[in-house]
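All remarks here apply to the structure that follows.
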Amino acid sequence: MVESQGSEVSNELMVRAFEYAHSIIKELCHAQTDFLTEYKKVHVLPETTLTVVDTDTEVLEKVRTLVTESEVLALYGLGKLEFHDAIHNLVEIIAERLGYDEETNTPKMGDIADSVKDVVKTHMRKTVLGTRTRLDGRSCDEVRPVRATAPILPRTHGSALFERGVTQVLSITTLGGPSDIQIVDDMFEEDTKRYVHHYNFPPFSVGEVKPLRGVGRREVGHGRLAEKALEPVLPSETDFPYMIRVVSETTTCNGSSSMASVCGSTMSLMDAGVPIRAMVAGVAMGMIYDEDTGKYEILADIQAQEDFLGDMDFKVARTDKGITALQMDCKIAGLKMEVIKNVFDKSIDACGYIMGEMKKCLSEPRAELSPYAPFLLAVFVPEEKMREVIGKGGETIQGIEKDFGVEVNLEDDGKCTITAKTQEAGQAALAFIK
């Protein structure tokens, strides 16, 4: 597992970061083995034996002869749910051919299902490595059709709908004043956070029925990944003093909703008039790797089936200049730096295509904020005048807020921000303070 954030860094610099991090990992591994060696001199460690339950080889060999080429080819080009339904039906057909006895569970249904999936996985991987053709008929470098729509909700400060294949994410931007900025109070020194991204992944987005409870690791991790992707391109607080919150709602999903939320958030922020420095697009790269020959193929924009049947899920978010965030998990023993460099190189074209489709809808931030967004004005109050603005026990500043219907935020350095619902109210409060 690898996670990283960058300020539009080059592919070469990110590869160097991988190499450096790997050297630190080696040191940590040595520290663990050294500790274990010393520990064993004093304490007796219990012996642990791990047993891996493999699929019955006899069942596997029989299934390989029973599944026909046409039955495997029928699985190509199907959507996520259709693919799983077809696999389930194929398992039942093969079980019948094997003479499956339901009462005694002979041969074991689990072995039959695993064997069928193994046959499909082997066929898919061989096809990719041999012909560079994927489950849905795409070439290895091809991204699914992309469509972006902004705005889509009439009453929000900013909104966008991003679609890539079946995956669809609705992102909503809400702007707030300085008093809305989140205070982070944890085990470290108190800090503030002015950009927050929330990612929701309801069960219905993948055709499941589950109770809607609190967020899990997926929501927290994907939300933070999308947040990290956009942070490097946000305007400074001086240039844009608003608090920014984006909520990405995954409505349907067939792979890489986190990267779709990066694209949707970019569009939504631009629709809200947030002057981001550059557009950010994200893509999930996959890989099929043959351990015997060392041959591999990098897959652009993987869908759920390819994540399940492949060896890697490598999410890259980037601008035209470089990488802003990445997250990778790998299912094989390790990756060569050559593979990582190849992923970064291929992500340029994939993200470039996605960004090009996004620009067809909206190519730059809107010049004006939504009329529904709060209106912000700022004025500097000299230190000797602060007491007059605050008043005895805060009565003056509270009176300004009540009389003009605004929020006044006066900081220790003299920066005074007025948050109003209308420009008229803000200007009136500003004139009073002056």
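The values are calculated or read from the model by the stated rules, or taken from the named source; none is laboratory data. It should be emphasised that the depicted structure is a prediction, and the values quoted were computed from it without experimental measurement. Cβ atoms come from the backbone with ideal geometry, glycine included; neighbour counts cover every protein chain shown.
Miscellaneous remarks
- L170 vs. criteria more than 20 Å from T238 (Cα to Cα), in contact (Cβ under 8 Å) with a residue 12 or more places away in the chain, within 24 Å of the chain's Cα centre (by Cα) and assigned to a loop (DSSP other than H, G, I, E, B): no
- Pairs with Cβ under 8 Å, 6+ apart, first in region 387-401 and touching a residue at least 24 places away in the same chain (Cβ under 8 Å) and assigned to a helix (DSSP H, G or I), second among the aromatic types (F, W, Y) and surrounded by 11 or more Cβ atoms within 10 Å (Cβ to Cβ): I400/F432
- Here R217 fulfils each of the conditions (1) surrounded by 14 or more Cβ atoms within 10 Å (Cβ to Cβ); (2) farther than 28 Å from G322 by Cβ; (3) among the charged types (D, E, K, R) apart from (1).
- Against the numbered list (1) crowded, with 16+ Cβ neighbours inside 10 Å; (2) among the basic types (K, R); (3) part of a helix (DSSP H, G or I), R144 comes up short only at (3).
- From the list E96, E103, E92, the one residue that fits, being acidic (D, E) and assigned to a loop (DSSP other than H, G, I, E, B), is E103.
- Each residue in region 41-89 was checked for being within 19 Å of R134 (Cβ to Cβ), assigned to a loop (DSSP other than H, G, I, E, B) and β-branched (V, I, T), and 0 of them qualify.
- Answer from A367, A333 - the residue that is outside any strand (DSSP E or B), exposed (fewer than 13 other Cβ atoms within 10 Å of the Cβ) and not assigned by TED's automatic domain parsing to the domain that holds V283: A367
- For region 206-224, filtered to residues that are at pLDDT 90 or above and of a type in the set (A, V, I, L, M, F, W, C), the residue that is nearest to the chain's Cα centre (by Cα) is V220.
- Verdict on A74 being out of contact with any helix residue (DSSP H, G or I) (no Cβ under 9 Å at 6 or more places or on another chain) and of a type in the set (G, A, S): no
- Within region 57-112, considering residues that are of a type in the set (V, I, T), over 30 Å from C253 (Cβ atoms) and buried (at least 17 other Cβ atoms within 10 Å of the Cβ), the one nearest to the chain's Cα centre (by Cα): V63
- Search result, residues across region 289-305 that are surrounded by fewer than 24 Cβ atoms within 10 Å (Cβ to Cβ) and out of contact with any helix residue (DSSP H, G or I) (no Cβ under 7 Å at 6 or more places or on another chain): Y289, E291, D292, T293, G294
- Residue tally, condition of a type in the set (K, R) and exposed (fewer than 10 other Cβ atoms within 10 Å of the Cβ), over region 192-214: 2
- Some residue of region 19-42 being surrounded by 10 or more Cβ atoms within 10 Å (Cβ to Cβ) and touching a helix residue (DSSP H, G or I) at 6+ places or on another chain (Cβ under 7 Å): yes
- Those residues of region 269-288 which are out of contact with any helix residue (DSSP H, G or I) (no Cβ under 6 Å at 6 or more places or on another chain) and buried (at least 23 other Cβ atoms within 10 Å of the Cβ), in sequence order: L269, M270, D271, A272, V274, M287
Residues are listed down the side, and each one gets a yes or a no for (1) hydroxyl-bearing (S, T, Y); (2) over 16 Å from the mean Cα position of the chain (by Cα); (3) within 16 Å of V143 (Cβ to Cβ); (4) assigned by TED's automatic domain parsing to the domain that holds E82:
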| site | (1), (2), (3), (4) |
| --- | --- |
| A260 | no, no, yes, no |
| E306 | no, yes, yes, no |
| I323 | no, no, no, no |
| M337 | no, yes, no, no |
| V343 | no, yes, yes, no |
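- Once region 1-47 is narrowed to residues that are within 29 Å of the chain's Cα centre (by Cα) and of a type in the set (S, T, Y), the residue that is farthest from F344 (Cα to Cα) is S23.
- Tallying residues that are in a loop (DSSP other than H, G, I, E, B) and over 23 Å from G221 (Cα atoms) within region 286-326 yields 8.
- If the condition is being out of contact with any Gly (no Cβ under 8 Å at 6 or more places or on another chain) and within 18 Å of I340 (Cβ to Cβ), then region 268-289 contributes G282, V283, M285, Y289.
- The one condition in (1) over 30 Å from S115 (Cα atoms); (2) not in a strand (DSSP E or B) that V283 fails to fulfil: (2)
- Considering the conditions (1) farther than 20 Å from Q168 by Cα; (2) in contact (Cβ under 8 Å) with a residue 60 or more places away in the chain, G294 is excluded by exactly one of them, (2).
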